[in-house]
Amino acid sequence: MSNSPITQPKHDPKHHPKHHSKEQVDQQAEHQTEHRTEHHSSPSSGHAIPSPYAGTPALLRWLLIAAGFISLTLGLLGVLLPGLPTTPFVLLAGACFLKASPALHSWLSQNRWAGPMLRDWEQHRSLPKRTKRIALGTMVLTISMSLWILQGNFNLQLVVLVAALIGAWVVWRIPTRNA
């Protein structure tokens, strides 16, 4: 008879959980966690890659999912609000979802609005020069309009300007490629 647990009789006292020490049980659980073989396929390559959330604690996954949805919401607001960049928040949402849930990451990367941006980032880890110019140009235009609308309210103008500078700095720091 082999030593495989599958072929062992159920009544064998050596393999009964009561006879394992806590240390043996902990080692076995640690071994199973280290050797998880969960996979998902990458939208850009179509190949199965190890899931980044294998072994991630459930609480951390829920926090990452919440952070992903908050980032996605901020990215959507960035379309409407001056000084709030869209691209970094969408990319952050994608990173959170990648760590927490392959299903949510897949959903976002297949989305007609955010998907191309996320897939492009995952493939190249940079933004095309044209995209960066459009993002920064749109920010300058909307900030200028906001500052003009807020004439006479120095405190609000200052808040908008500071937020705009932070947003522009974030976009500026994203690596650029010629494409």
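Just so you know, all these numbers are worked out from the coordinates, no wet-lab data involved. In this text the structure is predicted, and so the values were computed from the model without any measurement. Positions of Cβ are backbone-derived with ideal geometry, glycine not excepted, and every protein chain shown enters the neighbour counts.
Per-structure values
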read-out	value
Cα gyration tensor shape of region 101-173, rounded if a/c is under 1.5, else prolate or oblate by comparing a/b with b/c	prolate
Förster radius 35 Å - calculated FRET efficiency between Lys129 and Thr56 (Cβ-Cβ, nearest 0.05)	0.50
Relative contact order (percent, whole number), region 54-177, Cα cutoff 8 Å, 6+ residue spacing	27
Per-residue ³J(HN,Hα) for region 74-80, Karplus 6.51 cos²θ - 1.76 cosθ + 1.60, θ = phi - 60°, Hz, x for Gly and Pro	5, x, 5, 5, x, 5, 9
Positive dipole terminus of region 54-177, leading residue within Thr86, Ala67, Leu127 (C-beta point charges)	Leu127
Charge sum, other residues only, whose C-beta stays under 11 Å from Thr131's C-beta, Lys/Arg counted +1 and Asp/Glu -1	+4
Size of electric dipole in region 54-177: Cβ of Lys, Arg +1 and of Asp, Glu -1, about Cα centre, debye, nearest 20	380
